[in-house]
Amino acid sequence: MALVAPSILSADFGHLADEIASISSADWIHVDVMDGRFVPNITIGPLIADAARRARDAHAPHMVVDCHLMIVEPDRYVEDFARAGAQVITVHAEACTHLDRSIQAIKALGVKAGVSLNPHTPESVLDYVLEQCDLVLAMTVNPGFGGQSLIERVFPKIERIRARIDALGLQTRLQVDGGVKADNAWRFVQAGADVLVSGSGVFGAADRAAAIRKIRDAARP
Ligand code: DX5
Ligand code: ZN
């Protein structure tokens, strides 16, 4: 069963707690952190991640707080996000000079470690770290903004990452992020994804519970 992880990037931050309550039927809450350097946009810092976590505690304690760091030098901030309540912290391979060290730093905080790859980044960058990863995030858009259309060319890469995870007998989760909607969710699952991030696909709908249900139903074999 694929997990559904709505991205709060497309939520109304004036009513963040209510927005998080509206997605309480989801599995994970995806927090998109952007610094205006690794990506052109600036979004959430540890302060808002902490507010999101508190809303999660109040309305949907089962949801896993999943922080996707689209920032340069992420090692400088992983502790702050762990303190804010992140249970998964994902860094970009392209942003880490010492990727192995960054993964170790996250795990030393007792947090699950993810590695994200931009659409153009070959999966071979995972060759010597995959066993250490709790999650791999295959970006299906160029990171920076919600509401973009997915880049089709990433599908074969998702398949190759899945094959590698299975060949090594790992439990590593394979997450996809960008342009995921109910009408294409099955294609990601078929390619091997097991965590589906969706921002505009969930928060763009008036009925969030129905949007989550539709993605989940579409992702079912
Ligand atoms: C993009 C972010 C995504 C984004 C997805 O840089 O990492 O999580 O919110 O939004 P949609 O689902 O609208 O493409
Ligand atoms: Zn994201």
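The values are calculated or read from the model by the stated rules, or taken from the named source; none is laboratory data. Values in this document were obtained by computation on a predicted structure and should not be read as measured data. Positions of Cβ are generated from backbone atoms using ideal geometry, with glycine treated the same way; all protein chains shown enter the neighbour counts. In case anyone asks, the SASA skips ligands and DNA or RNA and just uses the protein heavy atoms, side chains included. Shrake-Rupley method; radii C 1.70, N 1.55, O 1.52, S 1.80 Å.
So, R0 is 35 Å and r is the distance between the beta-carbons of T97 and D166; what FRET efficiency does that work out to, to 0.05?
In this case the efficiency is close to 0.75.
Per residue, how big is the convex hull around the C-alpha atoms of the range 62-221? Give it to me in cubic angstrom, could you?
118 Å³
To the nearest 10 Å², what's E131's accessible area with a 1.4 Å probe?
Rounded to the nearest 10, the figure is 100 Å².
Once you charge only the Cβ atoms, +1 for Lys and Arg and -1 for Asp and Glu, what is the size of the charge dipole of the range 157-220 about its Cα centre, to the nearest 20 debye?
40 debye
Treating cross-link reach as a plain straight distance, find the lysines whose alpha-carbon is under 20 Å from the alpha-carbon of K181, omitting any fewer than eight places away in the same chain.
Answer for K181, where 20 Å is the Cα cut-off: K157, K214, listed by chain and number.
Calculate the spin-label point distance for E159 paired with H15, positioning each point 7 Å from the Cα along the beta-carbon direction, and give it in nanometres.
Label-label distance for H15 and E159, simple model: 4.3 nm.
Over the Cα atoms of the range 118-165, how large are the radius of gyration and the largest Cα-Cα distance (Dmax), in Å?
Both quantities, over Cα of the range 118-165: 11.4, 33 Å.
Considering only DSSP beta bridges whose two residues both sit in the chain, what percent are antiparallel, to the nearest 5?
Percentage antiparallel, nearest 5: 5.
Calculate what fraction, in whole %, of the accessible area of the chain sits on carbon and sulfur atoms when a 1.4 Å probe is rolled over the protein chains.
Percent of accessible area from carbon and sulfur atoms in the chain: 50.
Report ³J(HN,Hα) in whole Hz for each residue of the range 175-190, in order, from the Karplus equation J = 6.51 cos²θ - 1.76 cosθ + 1.60 where θ = phi - 60°; Gly and Pro get x.
Per residue, the Karplus-derived 3J(HN,Hα) values read 9, 10, 8, x, x, 7, 9, 4, 7, 10, 4, 4, 5, 5, 5, 4 Hz.
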